[in-house]
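Below you'll find the structure, written out as structure tokens, and then a few comments.
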Amino acid sequence: MPLTRDRIIGHDNERLAFRFTMRNEADIVECQISDAALDELGGVKGTESIARQAQFLALRDAVEGIASDMFDRVPVIKGRVIRIFTKHIQKLPSSPADSIATGSELDTNKTASLRVIAETRPASAAQ
């Protein structure tokens, strides 16, 4: 059963991670995503701590989808924290032509779709 959205806790400067919670029915599941994983997902590097909340909000659906998928893969243990690192972020082929050649279906993967949007959006549209 997928987790559902709960609340944002915020950026943890000591752990260099963004913390949030999700719900498994009535239970609260603590989650966090590393700064490096957020940057990887957004297709950027070196986002400043002060900009992490805006970055998380822009990528929230994808981040929560990853957290929910990770939660579903392992036995339910009360109090377990879902921790997302760069190894959990799906890598894309280097160019759109590579994805066509390999038969990858970008539309079926929200994470991949967000990366493609971030990589192809003109700098003026990102503001």
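Readers should treat all values here as calculations from the given coordinates under stated rules, not as data from a laboratory. In this text the structure is predicted, and so the values were computed from the model without any measurement. Here the Cβ positions follow ideal geometry from the backbone for every residue, glycine too, while neighbour counts run over all protein chains shown.
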In debye to the nearest 20, the charge dipole size for the stretch 4-89, taken about the Cα centre with +1 at each Lys and Arg Cβ and -1 at each Asp and Glu Cβ, equals 120 debye
Exposure-ranked with fewest Cβ neighbours within 10 Å first, K87, K78 stand as K78, K87
Expressed in angstrom and ordered largest first, the alpha-carbon extents of the stretch 4-89 along the principal axes are 34, 22, 22
Taking the simple approach of a point 7 Å from Cα along Cα-to-Cβ for both R83 and I8, what is their distance in nm?
2.4 nm
Can you run phi through the Karplus equation (6.51, -1.76, 1.60; θ = phi - 60°) for the stretch 17-25 and list ³J(HN,Hα) in whole Hz, with x for Gly and Pro?
8, 9, 9, 7, 10, 9, 10, 10, 6
Quick one: which of 32-39, 68-75 comes out on top by average Cβ neighbours within 10 Å, and what's the full order, highest first?
32-39, 68-75
Give the order of T4, T86 when sorted by the count of other beta carbons within 10 angstrom, beginning with the fewest.
T4, T86
Spin-label model distance (nm) - T47 vs I28, 7 Å beyond Cα toward Cβ
2.3 nm
What is the sum of charges around M70, taking Lys and Arg as +1, Asp and Glu as -1, for the other residues whose C-beta is under 12 Å from the C-beta of M70?
+1
